Amino acid sequence: GLFGVPELNCPEGFQEAQDKALQESEQLVQKACSTPPGPETVMIFDQLSDSLCRVADLADFVKVAHPDFAFREAAEEACRNIGTVVEKLNTNVELCQSLRRLLADETLMSSLDPETRRVAELFMFDFEISGIHLDEEKRKKAVDLNVRILDLCNEFLIGTHIPNKIDKHVLPEHIRYNFTAEGNYLQVAGLHADCPDDLVREAAYKIFLHSNTQQLARLEELLASRNSLAQLVGYDTFAHRALQGTMAKNPETVRQFLEKLSEQLSKRTQKDFQMMTKMKMKLNPHNSMLMPWDHPYYSGVLRAERYNIDPGLYCPFFSLGACMEGLNSLFSQLLGISLYAEETKRGEIWSEDVRKLAVVHETEGLLGYIYCDFFQRPDKPHQDCHFTVRGGRLKENGEYQLPVVVLMLSLPNSARGAPTLLSPGMMENLFHEMGHAMHSMLGRTRYQHVTGTRCPTDFAEVPSILMEYFANDYRVVNQFARHYKTGQPLPKNMVSRLCESKKVCAAADMQLQVFYAVLDQIYHGKHPLKKSTTEILKETQEKVYGLPYVPNTAWQLRFSHLVGYGAKYYSYLMSRAVASMVWKQCFAQNPFDRAMGERYRREMLAHGGGKEPMLMVQGMLQKSPSVEDFVDALVSDLDHDFETFIMDS
């Protein structure tokens, strides 16, 4: 069966696994309600969470990645059913009372260790945001809103990817071949951001981002429903609810962070836009006004012109085997951990090119498993991500339930006999996703509810972004980057050029991220919104980003992150700020420093979500960073390295 789960040797097995989990959960609910308050209460709640997550998490992965439609469909159904059960449990008054009795007993609470106390509070928080404290009618309304929000999220997500069609005669003949033809129509399925023809990018932008009445209605209903739910359970706005327990803690801090960052970036962003405008004038003298569809393209042109970083020059040095060796060597030096390929049993994997890695510590032994689903295949989503399939926890019998994760990438399939070669971007993504995997392996918490990456969103990206700093450091790259034919190491100046090229137009790129984050905060802020979502987009784009809004477009309808990162899109920037500070303070001098690696594990990775994120950051940096520190860390990363600049000049 999939992942070694015996029931999952066929799609129907999901029903069986689900029934088993629901039966187990019913017994645990009864047990929780009849057990006197104490540490055992938290253990039972965690077992309950584990029995449902073991099916839901696995199904979450299978529904997007399994090549067999029947498996995907069965997994989708299981996700829906378990989601409904979770919503019901979150409004089960008797179950909540059993936890409330524990939380109300101060003597008992003070006798618990900090992790158990935090987990008890997190479970209580789940009850509260589902409206447990409301009367029955309002509680039912909260459940209905949650279910409706789930459906709207799925519908909106599908809508963000649907191509737009246009009568082919609308477009000049010489650019039609760029789009897929369907009878008299052309399908526009993306922004064609890398296309050198300005007209193609302009057409793609205006057609792909053209407003759509149904999708607009979905977004408006989604934002309004999220707001209603937040207010129903006692929050001012959805953002206040979503930011509870995060590093930022509240929307005010996020606003301050984004405003200060925007202020610090503004001069640099203007400079970047001027450089892009000059480049556009040079290549296209008839039309030199910089438009939103120009930014990704011309920043790429500037990068390539200034630093000659054609991926083709780098790929031969980054074979997949060499990159995996590099990761293995880095983890071994920093953390005493090795990765070993392991044989899989029949039916355990969903595609024959999936590899299973055992993660082994030099003294602690086996820590868990990583399934590597690295290659493209039909129907597989083109996104790089990390899935928790099973969370780690201390079982009742004293054994540790080993974590299981999947790393999903979209690497090209290699030609026969040749190794898979990665572009620098793919190599960096591999390191990024491995950062998540290590967090999952080393966040060995007693409770599954806070294991590994089950922590606040604005902290969850820190370990993965930190790995990007390692991937961009010559001392690390030099350990593994070898030409697959000649064995020649990657020259140092090529690595320096690559790192410096990333700083070209980086201020404008970051400003774009700030714009998305601000937009997300406004959408999830005070309701009713002062204007339509499109008018808010136009106003925010011109104020925060600086490139003109294009009439009749509605970029927000393609903003898929509004689903998974509602009110939390800023997280990526804040995580990057923390990762930057950790890198500069702890690893920049010596990226292989074992003592620092151990401190990193002890202070940041080991707790999963079982400790307040800011306390973990304080433990690592040995100081409490301010919003200004975050902003400075991000802005100082944009400065060019003087040595490389001189060498290249």
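Counting residues in region 99-106 that are surrounded by fewer than 18 Cβ atoms within 10 Å (Cβ to Cβ), out of contact with any helix residue (DSSP H, G or I) (no Cβ under 7 Å at 6 or more places or on another chain), within 22 Å of THR445 (Cβ to Cβ) and not charged (D, E, K, R) gives zero.
Between MET434, MET426, the distinction of being part of a helix (DSSP H, G or I), more than 13 Å from CYS372 (Cβ to Cβ) and out of contact with any Asp or Glu (no Cβ under 7 Å at 6 or more places or on another chain) belongs to MET426 only. From the set of residues in region 173-191 that are in a helix (DSSP H, G or I) and farther than 19 Å from ASP294 by Cα, which is least open to solvent (accessible area, probe 1.4 Å)? Out of the qualifying residues, it is ARG176.
Every residue, every condition in (1) closer than 30 Å to PHE123 by Cα; (2) surrounded by fewer than 24 Cβ atoms within 10 Å (Cβ to Cβ); (3) touching a strand residue (DSSP E or B) at 6+ places or on another chain (Cβ under 6 Å), yes or no:
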| position | (1), (2), (3) |
| --- | --- |
| GLU433 | yes, yes, yes |
| SER440 | yes, no, yes |
| GLY443 | yes, no, no |
| ILE465 | yes, yes, no |
| ASP473 | no, yes, no |
| VAL477 | no, no, no |
| SER496 | no, yes, no |
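If I go through region 236-252 residue by residue, how many of them are in contact with a Leu (Cβ under 9 Å, 6 or more places away or on another chain) and part of a loop (DSSP other than H, G, I, E, B)? Looking only at that region, the number is 3.
Could you tell me whether any residue of region 580-596 is open to solvent by 10 Å² or more (accessible area, probe 1.4 Å), closer than 20 Å to GLN264 by Cα, among the polar types (S, T, N, Q) and free of Cβ contacts under 8 Å to residues at least 40 places away in the same chain? No: region 580-596 contains no residue that is open to solvent by 10 Å² or more (accessible area, probe 1.4 Å), closer than 20 Å to GLN264 by Cα, among the polar types (S, T, N, Q) and free of Cβ contacts under 8 Å to residues at least 40 places away in the same chain.
Checking the structure you have, find out if any residue of region 245-252 is modelled with pLDDT of 95 or more, over 24 Å from the mean Cα position of the chain (by Cα) and open to solvent by less than 50 Å² (accessible area, probe 1.4 Å). Within region 245-252 (the criterion being modelled with pLDDT of 95 or more, over 24 Å from the mean Cα position of the chain (by Cα) and open to solvent by less than 50 Å² (accessible area, probe 1.4 Å)), the answer is no, since none of the residues qualifies.
In this entry, GLU202 passes the filter for residues that are among the acidic types (Asp, Glu), assigned to a helix (DSSP H, G or I) and either within 26 Å of PRO548 (Cα to Cα) or in contact with a strand residue (DSSP E or B) (Cβ under 7 Å, 6 or more places away or on another chain) (or both). Restricting attention to region 259-273, the residues that are within 26 Å of the chain's Cα centre (by Cα) and among the small types (Gly, Ala, Ser) add up to 1. Of all residues in region 258-273, none satisfies the criterion of being under 9 Å from MET510 (Cβ atoms) and surrounded by fewer than 16 Cβ atoms within 10 Å (Cβ to Cβ).
Could you list, in sequence order, all residues of region 77-135 that are among the small types (Gly, Ala, Ser) and either within 16 Å of LEU48 (Cβ to Cβ) or in a helix (DSSP H, G or I) (or both)? Answer for region 77-135, where residues must be among the small types (Gly, Ala, Ser) and either within 16 Å of LEU48 (Cβ to Cβ) or in a helix (DSSP H, G or I) (or both): ALA78, GLY83, SER98, ALA104, SER110, SER111, ALA120, SER130. Counting just the residues of region 299-323 that are without any contact (Cβ under 8 Å) to a residue 40 or more places away in the chain and not small (Gly, Ala, Ser), which one comes out farthest from THR540 (Cα to Cα)? It comes out as ASP310. Scanning region 543-573 for residues that are farther than 29 Å from ILE158 by Cβ and open to solvent by less than 10 Å² (accessible area, probe 1.4 Å) turns up nothing.
The values are calculated or read from the model by the stated rules, or taken from the named source; none is laboratory data. Everything numeric here is computed off the predicted structure, so don't read it as measured data. Backbone-built Cβ (ideal geometry, glycine too); neighbour counts: all protein chains shown. Just the protein is used for accessible areas: all its heavy atoms, side chains included, with ligands, DNA and RNA removed. Shrake-Rupley method; radii C 1.70, N 1.55, O 1.52, S 1.80 Å.
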